[in-house]
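Throughout, read-outs are computed from the coordinates displayed, never taken from laboratory work. This one's a predicted model, so the numbers in the text were calculated from it and none came from an experiment. Don't worry about glycine lacking a Cβ; one is built from the backbone with ideal geometry, like all the others, and counts go over all protein chains shown.
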Amino acid sequence: MKLLALLLLPVFSFCQMTLDQTISMPDQNVELSIPKELSPISDELWKIKYGAVNRPTMVYSDKKAEANLIGNITNQIWEEQNIEAYRDFRIENLKKTRTDIEVLESGTKEVSGRKVAFFKFMSKAIDTRIFNQYFFVVVDNEVLMFTINYPEKLKVIWDKISYDIIALALRYKSNIFNWLSFGSLKYCR
């Protein structure tokens, strides 16, 4: 029994990740707190993982490049009150290009008078399923998009931490938002 506890200690310790580093979205009034287990991904690794896809504004990954956080400025002008339409547009485009996806959840929350859109889906990789969470927010009439994805084997660990990154750790440097509640967690500026 002691041996089992010792073997599981690293797993339980990893499950207790904290949001202990702050990163910023370049040229935006947005910061995220993320676990120290995530670090910037190199251009070379980006090309290996994603091929010729244009590199987004920010890309972080764990040491094995399995859990990923991507943030991008879409350069799409959008009004916050229509963020549901933007989310639906992204879902439909994704379904056209990826026939393997299964949307698990989508929604929009009005939080302290602001709209936040999200959806979660599962996709297939060569040898596993990948869980994905997309989150959209309008800042200065531009849509910012965040994606967190991880393989099925990391679901127990990353489901909570990915929700925390999006719901707890997104901050706006400008004074346009107060603490925002998203479910049982909070956004802050």
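What distance in nm separates the simple spin-label points at residue 100 and residue 36, each placed 7 Å from Cα in the Cβ direction?
Rounded to a tenth, the inter-label distance reads 3.5 nm.
Whole-Hz ³J(HN,Hα) for each residue in the stretch 90-95, computed from phi via Karplus 6.51 cos²θ - 1.76 cosθ + 1.60 with θ = phi - 60°, x for glycine and proline: what do you get?
In residue order, the calculated couplings are 5, 4, 5, 4, 5, 5 Hz.
So which of 64/109; 36/95; 109/155; 49/160; 47/109 end up more than 31 Å apart by C-alpha?
64/109; 36/95; 47/109
Working out 0.36 nm times the residue gap between residue 63 and residue 160, then minus their Cα-Cα distance, what length gain in nm do you get to one decimal?
33.0 nm
Once the other residues with Cβ under 13 Å from the Cβ of residue 90 are scored (Lys, Arg +1; Asp, Glu -1), what is the net sum?
+2
Compute the normalised compactness of the stretch 54-128: alpha-carbon radius of gyration over 2.2 N^0.38 Å, N being the residue count.
1.28
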